[in-house]
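Okay, structure first, notes after.
The values are calculated or read from the model by the stated rules, or taken from the named source; none is laboratory data. As the structure is a computational prediction, the values presented were derived from the model and not from experiment. Positions of Cβ are backbone-derived with ideal geometry, glycine not excepted, and every protein chain shown enters the neighbour counts.
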Amino acid sequence: MPNGLEVVLSPDARLPIVALRLEYRVGSRDDPPQLDGFAHLFEHLMFQGSRHVAEDMFFQHLERVGAPYIQGETRIENTVYSETVPSGQLELALWLESDRMAFLLDHVNADTFETQRRVVENELREKLDNTPYGRVSTFIEARLFPPGHPYHGRSLATDGLKNASLEDVRVFWQTHYRPNNATLFVAGNFEAPEARRQIDKYFGPIVAGRVLPSPPVSETPPPAPGSRLDIEAAVPLGMVIMTWLTPPFGEQADAELDVIGDMLEQGQLTWNLVEAEELATRVRAGQQSQKLASVFQISVTTRPGVDPGRVVRVIDRAILRIRSSWQQPSFIRSMSFRTLVELALVHEEPTRRVSQMAEDAFITGDPNFIEKNVARYEAISAASLMQTANKYLGPERRLLTVVTPVRGAPLAGRVASSR
């Protein structure tokens with residue numbers, strides 16, 4: 001649009017609903033200095049009201065018309081707002097989103113701000129400090145990615161918002177919550193010409209802002225050979241976690257690592273650890289695909305008294321088999337089939353489709369990436385799996401994390417040593 005708002009429309013009349021997703025290219029990486037969690041706080045404020053929407057009425061307007069899905073989420077690099085409404089209520093959803101994009105500051109006051117600040121601080125405490133293993137992923141992220149990298153790790157402070165002010169809200173809104181820093185996705189039962197008219201009506205008058213470019217991010221080197229992180233936590237069961245830095249979403253190796261993760265979790269690794277040797281209660285393995293760099297991780301919850309070294313040796317043997325053994329094509333197809341089915345099913349329902357299109361567009365620039373995505377999985381071969389496993393999953397490239405149960409340690413965990 002002339003004000004810079006990007007719009008993606010995907011009409012589909014099979015179900016009587018319309019899903020809307022408005023994505024702002026601002027996230028936790030953009031928290032102001034010494035205000036960790038501010039982007040999350042701002043997301044909460046977006047639901048409290050704007051010039052024409054009274055306090056706490058955003059949800060009520062949508063619930064009154066039978067909206068089955070209303071959601072907001074702050075990520076590292078973006079913040080997304082989603083609503084699914086009956087097909088005749090698209091205009092209501094567009095009006096609500098446009099009003100808070102244009103007139104949020106006409107409503108936010110000191111009382112609303114202070115209430116939501118306390119809510120967010122309590123959420124952080126509950127998520128990080130009051131959850132078993134709550135800080136383990138933070139410690140791993142901080143070790144994998146250097147300071148200054150967007151993935152360096154979530155805030156370790158749960159009171160980082162105590163110095164936030166209404167002026168910070170104003171600056172953040174004027175800097176990031178502009179139409180030229182956002183993309184609107186609409187999928188479902190609507191007529192494209194009428195949707196265009198409504199979008200022009202509600203979003204067209206909103207003035208563009210001066211959006212600051214994201215700072216460049218240098219490539220992150222893999223962990224040094226022998227890297228290890230020891231964590232103590234007041235939990236009943238220990239954990240052994242292996243983590244590798246891997247290619248970002250969209251690359252061919254990213255799809256191959258997805259399949260390798262399924263092979264390990266659904267195959268011999270789980271059987272050996274849980275059933276045959278009875279070393280573990282749970283095994284998780286998979287590729288965590290991201291925009292700048294992905295992470296491949298194997299996480300094993302160990303039985304009481306189990307030596308972590310035994311678990312490490314079993315994992316090493318399982319990965320070595322994939323790196324050195326020719327996998328049967330039928331086995332590869334069975335492992336990729338679930339992902340292919342999931343990709344197809346996602347696009348059958350508007351709420352899931354609009355979410356997937358937004359994710360694909362944010363990372364690859366292509367909201368129709370599904371065709372290329374399917375092609376990635378269909379191109380996987382035994383040779384390409386071995387090549388990818390050898391390139392990215394060598395023992396010299398991993399970070400080994402061992403979580404040890406220690407009475408008196410924090411429930412969420414603390415770093416005992418790092419090398």
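Condition check: without any contact (Cβ under 8 Å) to a residue 60 or more places away in the chain, surrounded by fewer than 21 Cβ atoms within 10 Å (Cβ to Cβ) and either in a loop (DSSP other than H, G, I, E, B) or of a type in the set (A, V, I, L, M) (or both). Does E55 satisfy that? It would help to see each step written out before you state the result.
Details: without any contact (Cβ under 8 Å) to a residue 60 or more places away in the chain: yes; surrounded by fewer than 21 Cβ atoms within 10 Å (Cβ to Cβ): yes; either in a loop (DSSP other than H, G, I, E, B) or of a type in the set (A, V, I, L, M) (or both): yes.
Against the criterion (without any contact (Cβ under 8 Å) to a residue 60 or more places away in the chain, surrounded by fewer than 21 Cβ atoms within 10 Å (Cβ to Cβ) and either in a loop (DSSP other than H, G, I, E, B) or of a type in the set (A, V, I, L, M) (or both)), E55 qualifies.
Going through the stretch 267-283 one residue at a time, which ones are part of a loop (DSSP other than H, G, I, E, B) and surrounded by 16 or more Cβ atoms within 10 Å (Cβ to Cβ)?
Those that are part of a loop (DSSP other than H, G, I, E, B) and surrounded by 16 or more Cβ atoms within 10 Å (Cβ to Cβ): G267, L279.
Output the residues belonging to the stretch 121-146 that are at pLDDT 90 or above and in contact with a helix residue (DSSP H, G or I) (Cβ under 9 Å, 6 or more places away or on another chain).
Hits for the stretch 121-146 are G134, R135, T138.
Which numbered condition trips up T270, out of (1) touching a residue at least 60 places away in the same chain (Cβ under 8 Å); (2) in contact with a strand residue (DSSP E or B) (Cβ under 7 Å, 6 or more places away or on another chain)?
Checking T270 against (1) touching a residue at least 60 places away in the same chain (Cβ under 8 Å); (2) in contact with a strand residue (DSSP E or B) (Cβ under 7 Å, 6 or more places away or on another chain), the one that fails is (1).
Please find, among L411, L399, the residue that is hydrophobic (A, V, I, L, M, F, W, C) and touching a Lys or Arg at 6+ places or on another chain (Cβ under 9 Å).
Only one candidate qualifies: L399.
I'm trying to understand the selection: among the residues of the stretch 324-378, which are crowded, with 18+ Cβ neighbours inside 10 Å and of a type in the set (D, E, K, R)?
Passing the criteria: E349, R353, E359, D360, R376.
Which of the numbered conditions does G286 fail, given that it passes all the others? Conditions: (1) surrounded by 15 or more Cβ atoms within 10 Å (Cβ to Cβ); (2) part of a strand (DSSP E or B); (3) touching a residue at least 40 places away in the same chain (Cβ under 8 Å).
The single condition G286 does not satisfy is (3).
Filter the stretch 325-362 down to residues that are under 24 Å from D12 (Cα atoms) and either in contact with a His (Cβ under 8 Å, 6 or more places away or on another chain) or of a type outside the set (D, E, K, R) (or both), then give me how many there are.
So the answer is 18.
Can you find a residue in the stretch 174-181 that is farther than 30 Å from L20 by Cα, under 27 Å from the mean Cα position of the chain (by Cα) and among the polar types (S, T, N, Q)? Even if it seems obvious, please write down each step before you answer.
The initial filter retains those residues of the stretch 174-181 that are farther than 30 Å from L20 by Cα, namely none.
Checked against the condition, which is being farther than 30 Å from L20 by Cα, under 27 Å from the mean Cα position of the chain (by Cα) and among the polar types (S, T, N, Q), the stretch 174-181 yields no hits at all.
Filter the stretch 122-140 down to residues that are outside any loop (DSSP other than H, G, I, E, B) and of a type in the set (D, E, K, R) and give me whichever is surrounded by the fewest Cβ atoms within 10 Å (Cβ to Cβ). Explain how you work it out, then say what you get.
Start the filter on the stretch 122-140 by keeping residues that are outside any loop (DSSP other than H, G, I, E, B), which leaves 122-129, 136-140.
Applying the additional criterion that residues be of a type in the set (D, E, K, R) yields 123, 125-127, 129.
Numbers: E123: 15, R125: 15, E126: 12, K127: 14, D129: 15.
The residue in question is E126.
Which ones in the stretch 163-195 are surrounded by 21 or more Cβ atoms within 10 Å (Cβ to Cβ), assigned to a helix (DSSP H, G or I) and among the polar types (S, T, N, Q)?
Passing the criteria: only N181.
Mind listing whichever residues of the stretch 383-419 are part of a helix (DSSP H, G or I) and either assigned by TED's automatic domain parsing to the domain that holds T138 or of a type in the set (S, T, N, Q) (or both)?
Within the stretch 383-419, S384, Q387, T388, N390 qualify.
Only one of V311, V306 is surrounded by 21 or more Cβ atoms within 10 Å (Cβ to Cβ), of a type outside the set (S, T, N, Q) and at pLDDT 95 or above. Can you tell me which?
V311
How many residues does the stretch 379-394 contain that are polar (S, T, N, Q) and either surrounded by 16 or more Cβ atoms within 10 Å (Cβ to Cβ) or at positive phi (or both)?
Count: 2.
Suppose we filter the stretch 1-52 for residues that are assigned to a helix (DSSP H, G or I) and of a type in the set (S, T, N, Q); how many remain?
The initial filter retains those residues of the stretch 1-52 that are assigned to a helix (DSSP H, G or I), namely 28-30, 38-45.
Within this subset, residues satisfying the condition of being of a type in the set (S, T, N, Q) are 28.
Matching residues across the stretch 1-52 total 1.
Looking for whichever is within 30 Å of the chain's Cα centre (by Cα) and assigned to a helix (DSSP H, G or I) here; the options are R313, R323, R317. Which one fits?
Sole residue among the options that is within 30 Å of the chain's Cα centre (by Cα) and assigned to a helix (DSSP H, G or I): R323.
Among the residues of the stretch 273-293, which ones are small (G, A, S) and either under 11 Å from G261 (Cβ atoms) or not assigned by TED's automatic domain parsing to the domain that holds V402 (or both)?
A285, G286, S289
State all residues of the stretch 248-267 that are free of Cβ contacts under 8 Å to residues at least 60 places away in the same chain and farther than 21 Å from K372 by Cα; if no residue qualifies, say none.
Once the filter is applied, which keeps residues that are free of Cβ contacts under 8 Å to residues at least 60 places away in the same chain and farther than 21 Å from K372 by Cα, the stretch 248-267 yields L264, E265, G267.
In contact with a Phe, Trp or Tyr (Cβ under 9 Å, 6 or more places away or on another chain), surrounded by fewer than 21 Cβ atoms within 10 Å (Cβ to Cβ) and more than 19 Å from S294 (Cβ to Cβ), is that true of S418?
yes
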